[in-house]
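Written out below as structure tokens is the structure these notes cover.
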């Protein structure tokens, strides 16, 4: 029998997480099958995923009806729905978590808190306590306000998935927040050997924004190259930071590296291969969270091989060329961050409306 190509990626040090979650996936046994047969090692969720799950099925209707008698606040109802799914998924992944550093399931704070440090900290801690699973990560965006929240929640002992990360400079700040959070915890005599974190780079959105600009500037040969070049540079930053003397001191006390996670890895340009952002970024100590369609595509026609550190000179040249033609990656990252927050705010508001519509006839 041919070796499963998703499972093969583990041979190169990369773990595949699923960027999808709904109640039917868990109840039907499909998630268990993905874990056992494909070697899926974790799961991520976001407001858009939950909006689709809740509004497009009746799987949540009964629980919405039960909660409507208790909660008048639609956000409280949503998070209880989400927590139920997250707990059930985390339980399925728990055997993996018990064996190694994987098996995590991620739940995101409200996107409306993206620029609210204190609000983010408060909700992150509340969600962490309510979910009550050691193999859960709370997702916090890599905004300026988010950086302080990341440091604080790490110091509080939470597992954190840093989301909406687009730029290399901001990634450096994210690693600083993680290390500082660990150091804050050490300073008050608390253990750090159980804290896990990932830094999630959103990739395809970079190319979606930059590629039309490259066309306008007469550089079509660079299309589809920038996001991968950024990811390769980010991995070099990861290797430097997490082999530094500063981290070695923390590692001696049990600290785990904050792994890089490739997100937004479904191909949005139909002219590109549907496995583009998986094939190019296979490498040790990395995670790729992929939508179901990309997982199926890679299972069918992927070509597992370690490529993350191939053509590093080309990646550097690509980023240097951007500067020469007047494209500022920091500005691009800022724009993508703003757009990313809005792209989560909209489905978040839609899912709250869907809950309102579903509970209306129940409590009438």
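Bear in mind that the values in this text are calculations on the coordinates, not laboratory data. Since this is a predicted model, take the numbers as computed values, not measurements. Every residue, glycine as well, gets a Cβ built from its backbone with ideal geometry; the counts of neighbours run over all protein chains shown.
Here are a few things to note about the model shown:
- The single residue among 238, 277 that is in contact (Cβ under 8 Å) with a residue 12 or more places away in the chain and closer than 23 Å to residue 147 by Cβ turns out to be 238.
- Screening residue 248 on (1) farther than 18 Å from residue 9 by Cα; (2) part of a strand (DSSP E or B) shows it passes everything except condition (2).
- Index of the failed condition, residue 194 passing every other in (1) free of Cβ contacts under 8 Å to residues at least 60 places away in the same chain; (2) at negative phi; (3) assigned to a loop (DSSP other than H, G, I, E, B): (1)
One line per residue, one yes/no per condition, for (1) surrounded by fewer than 21 Cβ atoms within 10 Å (Cβ to Cβ); (2) touching a helix residue (DSSP H, G or I) at 6+ places or on another chain (Cβ under 9 Å); (3) in contact (Cβ under 8 Å) with a residue 12 or more places away in the chain; (4) within 24 Å of residue 342 (Cα to Cα):
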{"position": "38", "(1), (2), (3), (4)": "yes, yes, yes, no"}
{"position": "65", "(1), (2), (3), (4)": "yes, yes, yes, no"}
{"position": "69", "(1), (2), (3), (4)": "yes, yes, yes, no"}
{"position": "75", "(1), (2), (3), (4)": "yes, yes, yes, yes"}
{"position": "82", "(1), (2), (3), (4)": "no, yes, yes, yes"}
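- Per the listing 182, 158, 107, 165, the residue uniquely crowded, with 21+ Cβ neighbours inside 10 Å, over 17 Å from the mean Cα position of the chain (by Cα) and at negative phi is 182.
- Applying the condition of being part of a loop (DSSP other than H, G, I, E, B) and exposed (fewer than 15 other Cβ atoms within 10 Å of the Cβ) to the range 314-364 and asking which residue is nearest to the chain's Cα centre (by Cα) yields 328.
- Among the residues making up the range 201-233, those that are touching a strand residue (DSSP E or B) at 6+ places or on another chain (Cβ under 9 Å) and surrounded by 23 or more Cβ atoms within 10 Å (Cβ to Cβ) are 201, 203, 227, 230, 231.
- The set of residues from the range 93-118 being touching a residue at least 60 places away in the same chain (Cβ under 8 Å), touching a strand residue (DSSP E or B) at 6+ places or on another chain (Cβ under 9 Å) and within 20 Å of residue 21 (Cα to Cα) comprises 96, 102, 103, 104, 105, 106, 107, 108, 111.
- Checking each residue in the range 168-179 for being farther than 18 Å from residue 117 by Cβ and surrounded by 16 or more Cβ atoms within 10 Å (Cβ to Cβ) picks out 168, 171, 175, 179.
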